[in-house]
Amino acid sequence: MTVKGDGEVGEDALTGAEEAELAARRRAMDREAADAPDVVSALADADERAIESALRPKRLTEFTGQARVREQLSLILTSALRRGRPPDHLLLSGPPGLGKTTIAMIVAAELGAPLRITSGPAIERSGDLAAILSTLSEGEVVFIDEIHRLARPAEEMLYLAMEDFRVDVVIGKGPGATAIPLDIAPFTLVGATTRSGLLPAPLRDRFGFTAHLDFYAPEELEQIIRRSAGLLGVTLTDEGAAELSTRSRGTPRIANRLLRRVRDYAEVRADGVVTLEIARTALEIYEVDEYGLDRLDRGVLEAVVRRFGGGPVGLSTLAVALGEEAETVEVVAEPFLVRRGLLARTPRGRMATAAGWTHLGLTPPPSLAELPTLFD
Ligand code: ADP
């Protein structure tokens, strides 16, 4: 499954954003009554993807935050352009919604190269990958999202492709099968993963550049929110923008989503301007707390504290207690709870910190009082 030239979406950003937004709102209205949408989930559904592509920064200069990664990328891309050769393969890791796909698209745009987008789970057999790689044009950028979920045979094919720009196409089956080596055009692979720990070392070693994306600071999110507000035609006050930025869980995807939900509220219940009061009231309705924690985050924290006495508790036990996949708890909820200093990962399991207890309005046990928190 490949999508070519996703960068075409929303060429005229204003119209693109508005159109996508309109379509999504119509669909969202049908659903809205049934169940409150998970406004702070870091994952995006199909409607949201359409809006996202319209809000995505298209060039490196438009990309806010992640200063070090931006600087490093800028050097790599400039030098590749000067040499007239595709840059090294790039690996991006970090929680969902922090800009991995956006960076892959920017890399292609900055190089003036076409982009192919696929993902680990979409490549079921090595033949699927061979089909992509053997039809590449010189310098093309290939983005593989969730690369840690690539099946083993495809992964092995990728090793050779990354290193020697070659794939072995196997013809026939059983003892008579022959591998025919096929040269492929030099390309740049951009791999993204939410779980870099799961990447086998031989794959990780084949990337010339590895970047870890961290959660964004409120000032950076505020800038992103203002830019998106401009594209969506939303008026917001400085205080309104600041309030949204501190409740966005350090995640641009969530910042953009909260902006749209708060805008809806402002349009229906007020004069359309997102002020501090409007932002606060709307976020309360959507159950976003002052740290930006959502139902899943709070569920994790509450389970650790109330069901397991503050921990330590193992990930799988915790996931079962919540009725969630262990991966969802680990990839979606935990990184921010840990970053915020509410939860600690210890060798014996997950533990709520003193700040975690306090956040739930409870008094931490005395044994926790001296434990340092990880949040600056
Ligand atoms: P990921 O691939 O890491 O899940 P995406 O690249 O899809 O995240 O980003 C999600 C949304 O957040 C995109 O629509 C994009 O508009 C926005 N976004 C991410 N990073 C930035 C950034 N640095 N500046 C502005 N918007 C961003």
Quick check on region 67-88. Is at least one of its residues among the charged types (D, E, K, R), within 15 Å of the ligand (Cβ to nearest atom) and not in a helix (DSSP H, G or I)? no
Considering each residue of region 157-198, count those that are within 16 Å of the ligand (Cβ to nearest atom) and either farther than 18 Å from residue 126 by Cβ or among the basic types (Lys, Arg) (or both), and give that number. 6
Single residue of region 293-333 satisfying the filter (within 24 Å of residue 146 (Cα to Cα) and in contact with a Pro (Cβ under 9 Å, 6 or more places away or on another chain)) that is surrounded by the fewest Cβ atoms within 10 Å (Cβ to Cβ): 331
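Would it be correct to say that residue 338 is on the phi < 0 side of the Ramachandran plot, assigned by TED's automatic domain parsing to the domain that holds residue 48 and at pLDDT 95 or above?
Details: on the phi < 0 side of the Ramachandran plot: yes; assigned by TED's automatic domain parsing to the domain that holds residue 48: no; at pLDDT 95 or above: yes.
Taking the combined requirement at face value, the residue does not satisfy it.
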Residue 192 surrounded by fewer than 19 Cβ atoms within 10 Å (Cβ to Cβ) and modelled with pLDDT of 95 or more: no
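With the requirement that a residue be assigned to a loop (DSSP other than H, G, I, E, B) and either within 9 Å of the ligand (Cβ to nearest atom) or modelled with pLDDT of 95 or more (or both), what does region 32-57 give you?
To start, the set of residues in region 32-57 that are assigned to a loop (DSSP other than H, G, I, E, B) comprises 33-45, 56-57.
Of everything in region 32-57, those that are assigned to a loop (DSSP other than H, G, I, E, B) and either within 9 Å of the ligand (Cβ to nearest atom) or modelled with pLDDT of 95 or more (or both) turn out to be 42, 43, 44, 56, 57.
Which is among the small types (Gly, Ala, Ser), more than 13 Å from the chain's Cα centre (by Cα) and within 16 Å of the ligand (Cβ to nearest atom), of 112, 99, 120, 127? Walk me through how you get there before you give the answer.
On the way: 112 fails: within 16 Å of the ligand (Cβ to nearest atom); 99 fails: more than 13 Å from the chain's Cα centre (by Cα); 127 fails: within 16 Å of the ligand (Cβ to nearest atom).
After applying the criteria, what remains is 120.
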Is it the case that region 251-274 has a residue that's in contact (Cβ under 8 Å) with a residue 60 or more places away in the chain, more than 17 Å from residue 235 (Cα to Cα) and of a type in the set (S, T, N, Q)? yes
Please go through region 259-290 and give me each residue that is in contact with a Ser or Thr (Cβ under 6 Å, 6 or more places away or on another chain) and under 22 Å from residue 42 (Cβ atoms), ordered by number. 259
Of the residues in region 249-281, those that are of a type in the set (Asp, Glu) and in a loop (DSSP other than H, G, I, E, B) come to 271
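Collect the residues in region 72-89 that are charged (D, E, K, R) and farther than 15 Å from residue 103 by Cβ, keeping them in residue-number order. Walk me through it before giving the result.
Looking only at region 72-89, we keep the residues that are charged (D, E, K, R), and these are 82-83, 85, 88.
Those that are charged (D, E, K, R) and farther than 15 Å from residue 103 by Cβ: 82, 83, 85.
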For region 171-181, name all the residues that are in contact (Cβ under 8 Å) with a residue 12 or more places away in the chain and surrounded by 10 or more Cβ atoms within 10 Å (Cβ to Cβ). 181
Might you check whether a residue that is within 18 Å of the chain's Cα centre (by Cα), within 14 Å of the ligand (Cβ to nearest atom) and closer than 27 Å to residue 344 by Cα occurs anywhere in region 223-243? no
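Mind telling me which of the residues 284, 302, 324 ends up being outside any helix (DSSP H, G or I) and of a type in the set (Asp, Glu)? Even if it seems obvious, please write down each step before you answer.
Details: 284 fails: outside any helix (DSSP H, G or I); 302 fails: outside any helix (DSSP H, G or I).
After ruling out the rest, the residue left standing is 324.
The values are calculated or read from the model by the stated rules, or taken from the named source; none is laboratory data. Computed from a predicted structure; not experimentally measured. Counting neighbours? That spans all protein chains shown, and the Cβs are built from the backbone with ideal geometry, glycine included.
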